[in-house]
Amino acid sequence: MTYIKSHWQLLTITVLVFALWHTPVVVPLKILVVFLHELSHAVAAWLTGGSVEQISLSAAQGGFAVTRGGSRFAILSAGYLGSLVMGVLLLLAALRSTADRYVTAFLGAMMLLITVLYVRDLFAVGFCVAGGIVLLGMARFLSHSTNDLALRVIGLTSVIYVPFDIFDDTIARAGMPSDAYMLAAEFGGTTMLWGGLWLLLSFLVIAVSLRRILGSGSNISLPPRP
């Protein structure tokens, strides 16, 4: 009971995201997580000496990143796990810092910069530009608490979405093209093997991260009643 009382806001957000999972309400958040997934491929390419040619998103919650050079193993492995780490970092910024507005602004500016440099198709351009403007507007005009709440929602959605996406893409539909499917084709093993390893790693990252960043309480302080 004490745990629920200390973290009731995060628990409520989690329940709401699950309850609305198959409704249009959560679709923009899912596509934002796909953006983080493709950005993670790009970051892995840059960190291993490669380059990025294009990043794309679709209304069907899909996407791709075209990279050149770098470590294929790192690039293919980075999508799911990288977006999970980004989600954890957003939660960390919300729960353990006062830089919420700066983080929201950084995320919005990054979406716009990535759009200018690497996004070419119409839907992806529209989504990233709209998302970037909304996030920058939130950082500029809305309160610290509102930005804190937005980062919690985005971070939690990423943390929830990644294990679900791994299972759906690599285990439930192992025969369909995916990062794990390409990894198996290029490095051996099977789609389910790589997907299973990523799924275990995602649960481990979530468990360790939440245990370290939640602390004794995570609720946003509500204004006193008049």
Item to check | Candidates F123, F141 - the one that is of a type in the set (F, W, Y), over 16 Å from the mean Cα position of the chain (by Cα) and within 17 Å of G63 (Cα to Cα) | outcome: F123
Next on the checklist: When you check G188 against the structure, is it more than 19 Å from the chain's Cα centre (by Cα), of a type outside the set (D, E), modelled with pLDDT of 95 or more and more than 29 Å from R152 (Cβ to Cβ), yes or no?
Outcome noted: yes
Item to check | Every residue from the range 32-52 that is assigned to a helix (DSSP H, G or I) and in contact with a helix residue (DSSP H, G or I) (Cβ under 6 Å, 6 or more places away or on another chain) | outcome: V33, L36, H37, S40, H41, A44, A45
Next on the checklist: Here are the criteria: (1) farther than 27 Å from L107 by Cβ; (2) modelled with pLDDT of 95 or more. Tell me which single one S202 does not satisfy.
Outcome noted: (1)
Checklist entry - Inside the range 53-79, can you point out the residues that are in a strand (DSSP E or B), hydrophobic (A, V, I, L, M, F, W, C) and surrounded by fewer than 22 Cβ atoms within 10 Å (Cβ to Cβ)? => result F64, V66
Checklist outcome for this item: The lone condition I166 fails out of (1) out of contact with any Ser or Thr (no Cβ under 7 Å at 6 or more places or on another chain); (2) closer than 15 Å to V85 by Cβ is (1)
Checklist entry - Hey, any hits in the range 38-57 for a residue that's charged (D, E, K, R), under 20 Å from P163 (Cβ atoms) and without any contact (Cβ under 8 Å) to a residue 60 or more places away in the chain? => result yes
Item to check | Number of the exception - L149 against (1) under 26 Å from L91 (Cβ atoms); (2) without any contact (Cβ under 8 Å) to a residue 60 or more places away in the chain; (3) of a type in the set (A, V, I, L, M) | outcome: (2)
Item to check | Residues of the range 89-103 satisfying the condition of being buried (at least 22 other Cβ atoms within 10 Å of the Cβ) and either in contact with a strand residue (DSSP E or B) (Cβ under 7 Å, 6 or more places away or on another chain) or closer than 20 Å to D165 by Cβ (or both) | outcome: L90, L91
Next on the checklist: I want to confirm something. Restricting to the range 104-120 and keeping residues that are crowded, with 22+ Cβ neighbours inside 10 Å and within 15 Å of the chain's Cα centre (by Cα), which single residue is nearest to A42 (Cα to Cα)?
Outcome noted: M111
Checklist entry - Of the residues that sit in the range 133-178 and are assigned to a helix (DSSP H, G or I) and of a type in the set (D, E, K, R), which one is nearest to W194 (Cα to Cα)? => result D169
Checklist entry - When the residues of the range 97-132 are filtered to those that are assigned to a helix (DSSP H, G or I) and hydroxyl-bearing (S, T, Y), which remaining residue is farthest from L32 (Cα to Cα)? => result Y102
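The values are calculated or read from the model by the stated rules, or taken from the named source; none is laboratory data. On a predicted model such as this, the values are computed, not experimentally measured, just so you know. Counting neighbours? That spans all protein chains shown, and the Cβs are built from the backbone with ideal geometry, glycine included.
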